[in-house]
Amino acid sequence: MKTIETPVLICGGGGAGLSLSIFLSAHGIDNLLVERHTTTSHLPKAHYYNQRTMEIFREHGIADTIYERGTPFENMGCVVWMTSLSGDGPLDGKLLYKMDAFGGGKLEPIYDADSPTRSGNLPQMRLEPILREFAEKSPRAKVLFGHELMRFEQDDAGVTSVVKNLETGEEFEVRSQYLCGADRGRTINPKLGIELQGPSNLVDMVSTHMTADLSKYITDDSPLIRWFANPEGGSGWGSGVMVAMGPKKFDRHSEEWVFHFAFQPNDPDFNEGDIVPRIRHLLRIPDLDIKVHKVSHWIVEAVLADKYRGGRCLILGDAAHRHPPTTGLGLNSGIQDAHNLAWKLAAVLKGQAGDGLLDSYEQERRPVAARNTRWALMTFMNHVVTDAGFGLIPGAPPELNAFQITTLMSDTDEGEWFRARADEVVGTQRMEFQAHDMELGFRYDGNAVVPDGTEPPPRGRMGDIYTPTTRPGHRLPHAWLEKGGTRLSTHDLCGRGRFVLITGAKGDAWKAAAKAAAERYGVPVDVVCVGAPGQPEDRSNTWSKLRQVEEEGAILVRPDVHVGWRCARSPSDTAVALSDALGKILSKTKGSR
Ligand SMILES: Cc1cc2nc3c(=O)[nH]c(=O)nc-3n(C[C@H](O)[C@H](O)[C@H](O)COP(=O)(O)OP(=O)(O)OC[C@H]3O[C@@H](n4cnc5c(N)ncnc54)[C@H](O)[C@@H]3O)c2cc1C
């Protein structure tokens, strides 16, 4: 049997696996990706990419393609709840509630201040070909679709896998130093004894991807998501949710749409043939011409892997965590797992870091996934609360719920009261659509972070209020700086495989320290003295308000743009302080190289 050697074998060519390949290649690490399907997924699946993910895509030159092909920002700044899209009944076509979302509307200045990127939206079935193209164009990566990982064994020095070409039936061996499972837990988890724990089989989500011309029924192009709430079906998942799929337009002229309906798992009354009539009835467009592309089922669960690593095998994406789509944290988490893992694998493979750095992957990403999983489940379930916010009573006769909706929309005292209640109660769904802190405010603890004894900033309980901080473990705050007439983000100073030490105009003492630490560990450590001649300037003083260290202090930013260590002011021996910190982050013991 022929043998291919590669430092990293990636199993699975979904969003997480393809991202890992791109990021590893960018770190100069050869990798082989095998995906059993011959093409990327045809299912619409996820679509929303939060600012952190877009920052990562920006670092890798992918963001602009997503913005070009995806939903224009003016078509994704809010979500609405409506009774139906059309119809001439007294309760038809009514807007019940509109909420700013994903950084749009009143959120815009806040989101714009906190990140150099805006969030993005593009159906996963259109994102994955972009990721595949980016992965394939690197000479570092070999991307084999139509190839399945059949089995593997690991020893102290590496992993031996057997991969099958599904077209020819030929099997070959792959010898890698690491095996990464981005396979939704199908092949690698069972062998490693990894268990996904948590509630499963909660809901059967049925997604219908279709072509239909809705242009004459839509009057507002701004919502990304339209939730339907009506006296017969309640609201939210049960009643139906609609998202524009493009591909050319994402407003009322969107050529394609996806509808999600929630069913009981294994519902004996489920009949796929009922879906199209149900969509027509829900929209109140009885003669709507619908061409269905695909009806797919997706079992909603909220599960987390009990471990992320078994020796030389590591898992990421849906192999490690699966949860409801609410708050859109699923694929985002998978891409962010890949980003966290890639620089660590690269540092270990290049001999810059000890094996302990790989342990920090689980220490950092698993608690984030644990929080995301529970949050997504809560925001999913909260759609029952939004029902109540409109006055809809579960199980009540449609006439009673029709009375409730009529009251909600009436020009009466009761109408005012109902609307005030809706503002308060439906407003809680901002935990899903304005989850700015869930998206940017997570932090890492563990081996690869050197704590400085400070407490993290308080987190808003609704997940919406993000407080930037340079405290070790947190994502580096964004601030716009200027260099040579060009605007650049603090994030632009970092990433791309380097450690970066950010200091002030008087931070010269750090340069020699960084050079010595870089030589000692064999890693690039750039120094940026903000405000020094020829260096980026903080003309707006935004960075000086965010940096939380003095002019002579320093912030060591890891290659994933999270702070690894900071020093509030210049220590007596900058070289020792920096070298110790870098050594700890890299899991290198003192004196080792
Ligand atoms: C039907 C469906 C609908 C969804 N809808 C939404 C949604 O509306 N909103 C949302 O936020 N999220 C949604 N999700 C979740 C979101 O799509 C996932 O979080 C995301 O796809 C995870 O990416 P991944 O790369 O980790 O896994 P996946 O995308 O599942 O990719 C895993 C890949 O591994 C491959 N593979 C498995 N075993 C092997 C093997 N032995 N050899 C080679 N290849 C292998 C598979 O073929 C697959 O392509 C949906 C998921 C599904 C399944």
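The values are calculated or read from the model by the stated rules, or taken from the named source; none is laboratory data. For clarity, every value in this text was computed on a predicted model and none was experimentally measured. Note that each Cβ is placed from the backbone with ideal geometry, even for glycine, and that neighbours are counted across all protein chains shown. Areas reflect the complete protein model, heavy atoms only, side chains present, ligands, DNA and RNA absent. Shrake-Rupley method; radii C 1.70, N 1.55, O 1.52, S 1.80 Å.
Values computed for the structure shown
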quantity: Ordering of 100-106, 136-142, 518-524 by burial proxy (mean other Cβ atoms within 10 Å per residue, highest first); calculated: 100-106, 518-524, 136-142
quantity: Antiparallel DSSP beta bridges within the chain, as percent of all bridges there, nearest 5; calculated: 70
quantity: Relative packing of 73-81, 197-205, which averages over residues the other C-beta atoms within 10 Å, highest first; calculated: 73-81, 197-205
quantity: Flagged links, alpha-carbon separation over 25 Å, of 98/545; 98/216; 249/291; 216/249; 137/164; 344/515; calculated: 98/545
quantity: Rounded to 10°, Cα long-axis angle of helix 398-409 versus longest principal axis of the chain; calculated: 70
quantity: Dipole magnitude of region 513-593, debye to nearest 20 (Cβ charges: Lys/Arg +1, Asp/Glu -1, about Cα centre); calculated: 340
quantity: Prolate/oblate/rounded label for the chain (Cα gyration tensor, a/c 1.5); calculated: oblate
quantity: Label-point separation, residue 263 to residue 374 (7 Å along Cα→Cβ), nm; calculated: 3.3
quantity: Packing-based ranking, highest mean first, of 279-291, 296-308, 42-54 given that Cβ atoms within 10 Å are counted; calculated: 42-54, 296-308, 279-291
quantity: Of all accessible heavy-atom area on the chain, the percent that carbon and sulfur account for (1.4 Å); calculated: 51
quantity: With Cα atoms, 0 to 90° folded angle of helix 15-26 axis to the chain main axis; calculated: 30
quantity: Rounded tilt (10° steps) of 330-349 against the dominant C-alpha axis of the chain; calculated: 10
